[in-house]
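What follows is a set of notes on a single structure, which appears directly below.
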Amino acid sequence: MVELRCKSCGAPIDVTGLDADAPFVTCQYCGTSQQRIDAQKYMDDMMTQIKSWLSSAMPLGMGVEGGENVDPVARHSIFTNDVRPRIESELETYRFSNMSLLGNTLITVPFNTTAVCNTDHSPNKVFELNAKAKSVAPLAVTDEDKDLISQTSAITQSYALALNNVKLLSEVKDGRWGIMATNFRESANALKDAPQYALACERYNALAEVADGFAMFMQGNITDAQSHISAGRDMLTALKDKVFSDPQMSIMYMGIEQEINVSNIVLDIAGFVSTMGGDPMQTMNIVKDVINAKPAQNPRWSFLTGNQNRFNEIFAEISRAISAKNSGQIPIAAGQGDILVPFWEVDLRYTFVTGKLWSKKSVEVKEDLLICADFIMDPDCLVNPSSALTDVFRNRPESSIMDSIKGEETRISGGTGIGRIQDSVQMGSAAGKRIVLPLSTKAEAEKVCVDFLAQVSRTHSKFKLSQPQVQRIIYVPCTASNGKLVLPKDFGNMVPDHLARMTQNSVFII
Ligand SMILES: [Zn+2]
């Protein structure tokens, strides 16, 4: 017998093992802590709702209490004429939304939040239908009637809990992975006798395993986290192909594929935390900062920045950088500074046309370019790509007008100092130095470079587009002055505007 209901989500609150006069109770399905009297009041209100629903569903003067005593034919007739249509119409919208919810990815990387889908259903209403179905269960006589009741119970229970998880995915709340694991497991339990949901049941069991692993990960218990996440990931992998060949459930395919992906990303991050050694919570703080450091929002970039796979690459690079503080090595340019600032190294080949009429010719130029490896955090860089990098076209060499007419121009860009920096790069240790964390992926660096060259070709009519080669991340030693990063003199006037905008506090330094 349920005594209390959560005032926030409407779930029954398990009071077993709870002190009967404890003034506060916590909902195990959404984590809301509340006064017992509020949970009691919510329960009473819900019962009143259900009673009024019942009295409108029942023929005058009939009570559902003592339903067992009413003869079966009369019960079946009440059920068919008055109860079934009301339950079915409400159930139908939930059944439909539940299926479309199953088409989504139902987990995300720890510390991250995600908006799963837009549903206007509140778990409260769904739990209410669940309670209504229970209240009319004594009227169900035939197998068909009983089947409607059990289907309603199964679907509403699992759907309401899934809605709770959708909300938890959208907010960073302490202990949310433990709660989500409970909800996944209870959802699976609710569906275990509904054959048409067998694959959804399997998926929820797998997700419970993954969420358990995420909860352990958050506590710094990396070894156990890894074994739970990989167990869940393997269950999802086994499920994926079964889902594909089931026309009803194939809607889950993409979601499952992404969940496998998310599990693998977190396994990689867990690997990163364990290779770092030392206090896992310290490394977890870096992980948290990096995941929370959201890339700047720009619709033209969201196909890259919205992809959680980017964390794989970023954490691999960060792991290399941190290991260079101990025994590892990273590519570092020559110089004195004690702050290592990461840049993407780009080989740029472009052609331009010089000369007029008979002396017209194409010249091929090789140029070096550096892109700030944290440019992706700066909204201005996404709009104005030249501010993310060393704008070599800013320094057009002084060449006489005669040169350009005679076709003797050799280049329309100038990045010599940058070339010297790149030539000085050697593998080396970062011991005793501080490192600015690289936060962009190679694909993102390629896009900013391509966007930049498109910008150049609009202003330099002689410039012909080329395919830039983004090579790797190199680290340039810099100093700090008045909270700003100071780059080596070789940058000349090509210090990216992005760096001029950044203060030491706005970059991630470890
Ligand atoms: Zn709740």
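Confirm whether K294 is modelled with pLDDT under 90, surrounded by fewer than 20 Cβ atoms within 10 Å (Cβ to Cβ) and of a type outside the set (S, T, N, Q). Yes.
Have a look at A140, A131 and point out the one that is within 16 Å of the ligand (Cβ to nearest atom), touching a Lys or Arg at 6+ places or on another chain (Cβ under 9 Å) and modelled with pLDDT under 95. Show your work before the answer.
On the way: A140 fails: within 16 Å of the ligand (Cβ to nearest atom).
Answer to the check: A131.
Just to be sure, is I78 open to solvent by less than 30 Å² (accessible area, probe 1.4 Å), in the same structural domain as D145 (by TED's automatic domain parsing), within 30 Å of T142 (Cβ to Cβ) and modelled with pLDDT of 90 or more? In short, no.
Applying the selection to segment 156-189, what residues are of a type in the set (V, I, T) and either buried (at least 24 other Cβ atoms within 10 Å of the Cβ) or within 17 Å of S33 (Cα to Cα) (or both)? Residues satisfying the conditions are T156, V172, I179, T182.
For segment 461-509, a residue qualifies if it is part of a helix (DSSP H, G or I) and at pLDDT 80 or above, and the qualifying residues are K489, D490, F491, G492, N493, M494, D497, H498, L499, A500, R501.
Tell me, which residue of segment 421-433 that is surrounded by fewer than 16 Cβ atoms within 10 Å (Cβ to Cβ) and in contact (Cβ under 8 Å) with a residue 60 or more places away in the chain is farthest from Q329 (Cα to Cα)? Explain how you work it out, then say what you get.
As a first pass, look at segment 421-433 and keep what is surrounded by fewer than 16 Cβ atoms within 10 Å (Cβ to Cβ): 423-424, 426-427, 429, 431-432.
Cutting the leftovers down to in contact (Cβ under 8 Å) with a residue 60 or more places away in the chain gives us 424, 426-427, 429, 431-432.
Details: S424: 15, Q426: 9, M427: 6, S429: 5, A431: 9, G432: 13 Å.
Selected residue: S424.
One residue stands out in segment 451-509 among those that are exposed (fewer than 14 other Cβ atoms within 10 Å of the Cβ) and hydrophobic (A, V, I, L, M, F, W, C): the one that is nearest to T354 (Cα to Cα), namely L465. The residues listed here are I149, I229, I179, I251; of these, the one that is β-branched (V, I, T) and farther than 21 Å from L102 by Cα is I149. For segment 1-39, how many residues meet the condition of being small (G, A, S), in a loop (DSSP other than H, G, I, E, B) and within 13 Å of the ligand (Cβ to nearest atom)? Counting residues in segment 1-39 that are small (G, A, S), in a loop (DSSP other than H, G, I, E, B) and within 13 Å of the ligand (Cβ to nearest atom) gives 4.
For segment 92-113, a tally of residues being surrounded by fewer than 17 Cβ atoms within 10 Å (Cβ to Cβ) and either among the hydroxyl-bearing types (S, T, Y) or not assigned by TED's automatic domain parsing to the domain that holds A190 (or both) returns 3.
Scan segment 2-46 for residues that are open to solvent by 70 Å² or more (accessible area, probe 1.4 Å) and over 34 Å from the mean Cα position of the chain (by Cα) and report the count. Final tally of qualifying residues: 12. Scan segment 327-353 for residues that are open to solvent by less than 30 Å² (accessible area, probe 1.4 Å), under 24 Å from K442 (Cβ atoms) and not in a strand (DSSP E or B) and jot them down. Across segment 327-353, the qualifying residues are G328, A333. Condition (residue is surrounded by 21 or more Cβ atoms within 10 Å (Cβ to Cβ), touching a strand residue (DSSP E or B) at 6+ places or on another chain (Cβ under 6 Å) and at pLDDT 90 or above) applied to segment 354-371: is it met by at least one residue? Yes, segment 354-371 contains at least one residue that is surrounded by 21 or more Cβ atoms within 10 Å (Cβ to Cβ), touching a strand residue (DSSP E or B) at 6+ places or on another chain (Cβ under 6 Å) and at pLDDT 90 or above.
Does G220 qualify as being in contact (Cβ under 8 Å) with a residue 60 or more places away in the chain and open to solvent by 10 Å² or more (accessible area, probe 1.4 Å)? Break it down into steps so the answer makes sense when it comes.
Numbers: in contact (Cβ under 8 Å) with a residue 60 or more places away in the chain: yes; open to solvent by 10 Å² or more (accessible area, probe 1.4 Å): yes.
Yes, satisfied.
Screening E317 with (1) out of contact with any Lys or Arg (no Cβ under 8 Å at 6 or more places or on another chain); (2) more than 27 Å from A443 (Cβ to Cβ); (3) not hydrophobic (A, V, I, L, M, F, W, C) gives one miss only, at (2).
Quickly run through segment 254-300 and pick out the residues that are small (G, A, S), within 19 Å of F217 (Cα to Cα) and not in a helix (DSSP H, G or I). Steps first, answer last, please.
Step one: list which residues in segment 254-300 are small (G, A, S), which gives 255, 263, 270-271, 274, 277-278, 293, 296.
Then drop every residue that is not within 19 Å of F217 (Cα to Cα), which leaves 263, 270-271, 274, 277-278.
Hits for segment 254-300 are G277, G278.
The values are calculated or read from the model by the stated rules, or taken from the named source; none is laboratory data. The model shown is predicted, which means the values in this text are computed figures rather than measured ones. Reconstructed Cβ throughout: ideal geometry from the backbone, glycine too, with neighbour counts over all protein chains shown. All accessible areas refer to the heavy atoms of the entire protein, side chains included, with ligands and DNA or RNA removed. Shrake-Rupley method; radii C 1.70, N 1.55, O 1.52, S 1.80 Å.
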